Amino acid sequence: MDLIHRTKSILDSIQNLTERSREKFADRESGEDFCKSITDDIQKIELLLNGFLNYIKSTTPVIKKDTVNTLVEEVMKTHRIRLEERKIRIHNNLEKELPETIVSDEQMIFILDSVLQYATSSLSSGGAIEILTRSFDHQVQTGEGQSFLRERGKRVEIAFTFTDYQNRSEQPVKAYEGLSLPQKERALDLLLRLVLAVVERNQGTMQFETDGAKEKRSLVLKLPAERRRSVHYQLIDEQYPAFDRSPLRHNM
């Protein structure tokens with residue numbers, strides 16, 4: 001691909017030189033014919049180079065990596081103005097080289113965007129949001145005693161901690177039971193239920209807890225990691241702007 005771009009740069013130089021040479025011909029018509037001939041040849045070469053470049057884009061798989069962290073940062077950008085207006089601070093603690101999840105990019109964006117909407121709507125001015133991502137080995141007990149534990153693959157955890165310095169919950173909620181939210185947040189109940197539906201559809205879990213004493217609430221998502229290698233292919237977006245720009249994912 002680098003060679004193609006360099007070649008196109010050389011063709012641009014030849015085209016510029018051809019344009020400047022046009023006026024040096026004693027016969028104006030000969031100059032025009034010369035310029036047109038060179039331009040036609042350059043356009044044919046560029047057509048071939050563009051076709052080959054698009055072929056490379058559409059057939060060369062790109063390994064997906066760090067998708068969750070990338071989407072966290074991208075979704076945060078869309079909420080940054082509102083967070084700044086409400087003086088809500090945000091802090092990230094993102095694990096490097098986080099595994100991919102089985103959740104599609106579109107569904108992950110929905111999850112992250114909905115949780116941040118919930119946070120910005122429920123937190124008072126001056127609050128704080130901390131987002132943590134990590135991976136861990138998921139195990140289940142298959143018999144009596146610790147020796148009967150067997151690994152069931154990795155999980156990816158996305159934890160949101162909301163700190164509200166002005167409002168406290170009267171009673172802490174220890175388990176995620178039907179979204180037992182404070183009365184003032186019942187309007188946001190449906191939004192989190194939709195998040196829960198997407199999480200469970202992808203074999204994940206969601207836990208909501210509050211700690212009135214420390215003025216904190218936490219929303220913890222645990223999603224299965226993708227065991228297969230995920231790849232996507234670059235799209236030819238210059239020629240087809242109407243197509244969806246989200247990467248196409250394939251598992252290998």
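Nothing in this text is a laboratory measurement; each read-out follows from the coordinates by a stated rule. This structure is a prediction, so every number in the text was calculated from the model and none was measured. Cβ coordinates were reconstructed from backbone atoms using ideal geometry, including for glycine residues, and neighbour counts include every protein chain displayed.
Which ³J(HN,Hα) values, rounded to whole Hz and listed in residue order, are derived for region 36-44 from phi using the Karplus coefficients 6.51, -1.76 and 1.60 in 6.51 cos²θ - 1.76 cosθ + 1.60 with θ = phi - 60°, glycine and proline given as x?
With coefficients 6.51, -1.76 and 1.60, one gets 5, 4, 5, 4, 4, 5, 5, 5, 5 Hz.
Any aspartates and glutamates with Cα under 12 Å of the K154 Cα? List them, leaving off those in the same chain fewer than 8 positions away.
Here the aspartates and glutamates satisfying the reach criterion relative to K154 are E100, D137, E226.
Work out, step by step, the length gained on full extension between V220 and D12: first 0.36 nm times the residue separation, then minus their alpha carbon distance; give nm to one decimal. Walk me through the intermediate numbers first.
On the way: separation 208, 0.36 × 208 = 74.88 nm, distance 5.41 nm.
Difference between extended and current length: 69.5 nm.
Which of the pairs K64/K87; K57/K87; K87/K222 have their Cα atoms more than 32 Å apart in this structure?
Numbers: K64/K87 34 Å; K57/K87 43 Å; K87/K222 29 Å.
In this structure, K64/K87; K57/K87 lie more than 32 Å apart at Cα.
PRE reach from E200 (point 7 Å along Cα→Cβ): which of region 103-120 fall under 19 Å by backbone N?
Flagged as within label range: 103-104, 107-108, 110-112, 114-115.
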